[in-house]
Amino acid sequence: SKSSMSACSGLCAFPSVLQVEKERKTGVNSAPFSKSWLYRHCSSVQQRDRQAQKAGQLFSGLLAMNVVFLGSAFISSMIFNHVAITLADVWILLSILKVVCLCWIIYYLLGTSRQPHAVLYRDSHAGPVWIRGSLLLFGSFSVLLNVFQIGYSVIQIHCKSKVEIVFPSIEILFVSTQAFFLWHHSKDCIQVQHNLTRCGLMLTIATNLLLWLLAVTNDSIHMEIESQLREVEQRLAGNETNLCACPNTTTCKVFQKGYILLYPFNTEYCLICCSVLYVMWKNVGRRISHHHAPHIKPKFKLQGVVFGPLLGAAAVIIGICVFMMYQIQATGSAPNRQVFVMYYSYYIVLLPLMSVCAVVGTIIHAVEKRELDTLKNPTRSLDVILLMGAALGQIAMSYFSIVAIVATNPKDLLNSLILSYSVLLIFQYITQNIFIIDGLQREPFVAAIEARHRRVSVLELGQEFRRVSLSYMHSYSHLSWKRKALKEISFFLVLCNIILWIMPTFGAHPVFENGLEKSFYGYSTWFAIVNFGLPLGVFYRMHSVGGLLDVYVSA
């Protein structure tokens, strides 16, 4: 039983300490003790526990893999043969998966999490405030997206199926329940019903991945419609024979435009949910030692930074102006060449500044004397994986652009700007990843101070506290420039990544609208490349903001 297993693990810990202490003093391995029945029995129980954990992770991973493959086959079949497999068929499959996930989430909320000794440990690193805030923000926009979709389908009810109304209704319920679940239970290290919880989490991850894949394909379809809208309007001006066309009413136009505009938020919501659910899956059955729990947790304070917020605010304001001018001119009937020059020039000025700041921050990390955090942390490991993986999308697009420009006409003004933009973007991604990953693996400055307090005896507490305080103030006077530099750099990069997230999220896609790569690779090929890289690039900017905030707080 689980109670006997925990008791056995407690008993097994005591003789292990005695054995280590005896070996340390005598230098001789205590072989007779290792042959005792209690030691062998406890070791076998712990080994079976580890094997059961690995088996549960393997089975739940295989379940998620099969669900993802099945859903991907449905979505791919819909893209290549939309007659045999329609969008309604894909919606029915995803609706079934969402209903199953909803049943499990409700069971977890009402049953599993309320059992005795279910949540004995909580991972302080999992589900930070900015992640849960992003979940609520993008979840709210996803709910609004489905409301617009329902309204648009109701107006077009004469040529829409009932599935197009039922699917977003289930989606609203799924998004709302999942956001509530992750907001309250993202830090749980559940200790009961391990296999059921792992399978439920993996099934929910697979469902979110399929929803992301479907959202990406639908968003690409809308991008295709928007890019070809000019010549269609010129050829069919005044032709209203299409019965499924949106009526010339304000309500229909609002639903249609809002439906298209809010799609990127849905893709971000699905990716964030996958990352949080994966951390919960890794934390199932995990026991966190109370000795490793931080007693002093760094908090976000806007103190000691001046130049970072000023430069970052200037970058955000200029970026918003550039974005508005781009949206006004690039979406017109005849896109102006100058608007692309202005757009890429803004990036060419900002990206080297961000790269230099990241390199300087990395050098400061190498110079300062902060120890590395070697404790096991699934959240930090996932952050590193997501930073490296999400960067691959934009880097791949940049290399494709470099090859297309060098092979055609690199001396043209616009082409040379795109070439410089692609090279600088690759360098900026690499330097920023190194800076963030190096900062995430460092111990916060307060950790060393708190560790010294733990070694102080009760009788010498007052004198030692004053001595440590004076020592801390003295060291702070010597290291303040490093801390301030790290805070300035981190805050500046946070604001820069925010504006670089806003621009592509709300519709600035010059890589698809300038026509260079599209004419070189062909419409379908370049469309697939952009469809892969653009969502990952948007997710990278948003995820790097969280990593930079962690670096800022730890400094």
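The values are calculated or read from the model by the stated rules, or taken from the named source; none is laboratory data. On a predicted model such as this, the values are computed, not experimentally measured, just so you know. Neighbour counts run over all protein chains shown; Cβ positions are idealised from the backbone, glycine included. All accessible areas refer to the heavy atoms of the entire protein, side chains included, with ligands and DNA or RNA removed. Shrake-Rupley method; radii C 1.70, N 1.55, O 1.52, S 1.80 Å.
Side notes on the structure shown:
- Taking the stretch 519-537 as the range and being among the β-branched types (Val, Ile, Thr), open to solvent by 10 Å² or more (accessible area, probe 1.4 Å) and touching a residue at least 24 places away in the same chain (Cβ under 8 Å) as the test, only Ile529 passes.
- The stretch 299-315 - residue that is exposed (fewer than 15 other Cβ atoms within 10 Å of the Cβ) and assigned to a helix (DSSP H, G or I) and, of those, modelled with the lowest pLDDT: Phe307
- Filtered residue count, the stretch 99-113, keeping only those that are over 21 Å from Asn66 (Cα atoms), of a type in the set (Phe, Trp, Tyr) and either outside any helix (DSSP H, G or I) or open to solvent by less than 30 Å² (accessible area, probe 1.4 Å) (or both): 1
- Checklist (1) within 19 Å of Ser169 (Cα to Cα); (2) touching a Ser or Thr at 6+ places or on another chain (Cβ under 9 Å); (3) open to solvent by less than 80 Å² (accessible area, probe 1.4 Å) applied to Leu93, failing item: (2)
- Test: residue in the stretch 75-88 that is at pLDDT 90 or above and either out of contact with any helix residue (DSSP H, G or I) (no Cβ under 8 Å at 6 or more places or on another chain) or over 20 Å from Trp281 (Cβ atoms) (or both): no
So that you can scan it fast, the table gives a plain yes or no per residue for (1) open to solvent by 10 Å² or more (accessible area, probe 1.4 Å); (2) modelled with pLDDT of 90 or more; (3) in contact with a helix residue (DSSP H, G or I) (Cβ under 9 Å, 6 or more places away or on another chain):
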| position | (1), (2), (3) |
| --- | --- |
| Ile395 | yes, yes, yes |
| Thr408 | yes, no, yes |
| Asp412 | yes, no, yes |
| Asn415 | yes, no, yes |
| Gln428 | no, yes, yes |
| Asp438 | yes, no, yes |
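- Summed over the stretch 254-298, the residues that are modelled with pLDDT under 75 and more than 30 Å from Ser142 (Cα to Cα) give a count of 11.
- Output for the stretch 70-82, where each listed residue is more than 14 Å from Trp212 (Cα to Cα) and surrounded by fewer than 15 Cβ atoms within 10 Å (Cβ to Cβ): Leu70, Ala73, Ile79, Phe80, Asn81, His82
One line per residue, one yes/no per condition, for (1) open to solvent by less than 80 Å² (accessible area, probe 1.4 Å); (2) closer than 29 Å to Ser72 by Cβ; (3) at pLDDT below 90:
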{"residue": "Leu97", "(1), (2), (3)": "yes, yes, no"}
{"residue": "Gln115", "(1), (2), (3)": "yes, no, yes"}
{"residue": "Tyr121", "(1), (2), (3)": "yes, no, yes"}
{"residue": "Ser124", "(1), (2), (3)": "yes, no, yes"}
{"residue": "Gly127", "(1), (2), (3)": "yes, yes, yes"}
{"residue": "Trp130", "(1), (2), (3)": "yes, no, yes"}
{"residue": "Ser134", "(1), (2), (3)": "yes, yes, yes"}
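- From the list Thr207, Thr177, Thr197, Thr217, the one residue that fits, being open to solvent by 10 Å² or more (accessible area, probe 1.4 Å) and modelled with pLDDT of 85 or more, is Thr177.
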